[in-house]
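In what follows, a structure is listed as structure tokens, so that the remarks can point back to it.
The values are calculated or read from the model by the stated rules, or taken from the named source; none is laboratory data. Here the structure is a predicted model, which is why all the values come from computation and not from measurement. Cβ placement follows ideal geometry from the backbone for every residue including glycine, while neighbour counts extend to all protein chains displayed.
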Amino acid sequence: MPKILGESLAEHRSQVRAKVFDAMRTLLYTRGFDAITLSGVASAAGVGRTAIYNHFPDRESLLVAFVEHETGQYVIRLREALGAVSDPVEALSIFVRMQLRVLAGRHTPPGAKLNALLSPEAYQRMAEHVDPITAELRSVLTSGIAAGQMIDEDVDVLITMITASLASREVVDAGAELDDTIETAVRFILRAVGVRVA
């Protein structure tokens with residue numbers, strides 16, 4: 001009988017998933033997805049192979065669950081930070097800083113691009129996990145436009161342009177200059193939506 005972690009089956013499942021996701025994070029950014037196997041993740045996580053197969057039928061399912069978990073944790077932090085301010089300009093500044101900090105903390109996994117390794121269905125499921133982040137940006141922009149603090153432009157176009165600007169690795173590969181680079185990016189995005197920046 002395998003050892004149960006925690007005091008309940010739900011707590012056991014949660015602890016197994018946490019260990020698996022920690023191992024997945026390390027392996028993904030050191031080896032790349034194409035080199036990952038479920039048995040390798042199980043070994044790195046210190047859980048049995050059977051345990052990992054009880055949670056994830058294949059590595060695509062594991063990756064989608066991992067991305068969902070990571071994104072969910074980030075969305076919680078993002079909502080808390082945005083909920084602490086009422087000014088849309090300040091909220092947009094927070095959004096930009098948080099997006100760039102997350103990007104700076106993640107390295108591009110080695111190996112082939114994920115869209116080349118995953119089925120279209122799995123890649124689409126992963127892409128859907130950014131929807132709550134986009135919704136937060138939409139809310140900030142809509143509030144800023146309604147308050148007259150931002151230009152009245154098509155919000156969908158603004159979202160596309162802002163997210164494209166914040167997705168560039170070159171922005172966050174600034175090394176010791178990262179803080180200054182992020183603040184430059186904040187001013188750039190604010191100007192792009194019509195905020196006067198000193």
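Mind checking which residues of the range 39-53 are in contact (Cβ under 8 Å) with a residue 24 or more places away in the chain and part of a helix (DSSP H, G or I)?
Across the range 39-53, the qualifying residues are A45, T50, A51, I52.
Residue count for the range 123-137 under the criterion of being crowded, with 19+ Cβ neighbours inside 10 Å and outside any helix (DSSP H, G or I): the result is 0. Taken over the range 26-62, the criterion of being within 22 Å of A104 (Cβ to Cβ) and at pLDDT 90 or above is satisfied by T26, L27.
One residue stands out in the range 102-122 among those that are assigned to a helix (DSSP H, G or I) and surrounded by fewer than 14 Cβ atoms within 10 Å (Cβ to Cβ): the one that is modelled with the highest pLDDT, namely E121.
Residues are listed down the side, and each one gets a yes or a no for (1) at pLDDT 95 or above; (2) closer than 15 Å to I189 by Cα; (3) assigned by TED's automatic domain parsing to the domain that holds E90; (4) not aromatic (F, W, Y):
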{"residue": "M126", "(1), (2), (3), (4)": "no, no, yes, yes"}
{"residue": "V130", "(1), (2), (3), (4)": "no, no, yes, yes"}
{"residue": "I133", "(1), (2), (3), (4)": "no, no, yes, yes"}
{"residue": "V140", "(1), (2), (3), (4)": "yes, yes, yes, yes"}
{"residue": "A147", "(1), (2), (3), (4)": "yes, no, yes, yes"}
{"residue": "M150", "(1), (2), (3), (4)": "yes, yes, yes, yes"}
{"residue": "D154", "(1), (2), (3), (4)": "yes, no, yes, yes"}
{"residue": "I159", "(1), (2), (3), (4)": "yes, yes, yes, yes"}
{"residue": "I162", "(1), (2), (3), (4)": "yes, yes, yes, yes"}
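Mind checking whether some residue in the range 76-86 is in the same structural domain as I182 (by TED's automatic domain parsing) and more than 21 Å from V186 (Cα to Cα)? Yes, the conditions are met somewhere in the range 76-86.
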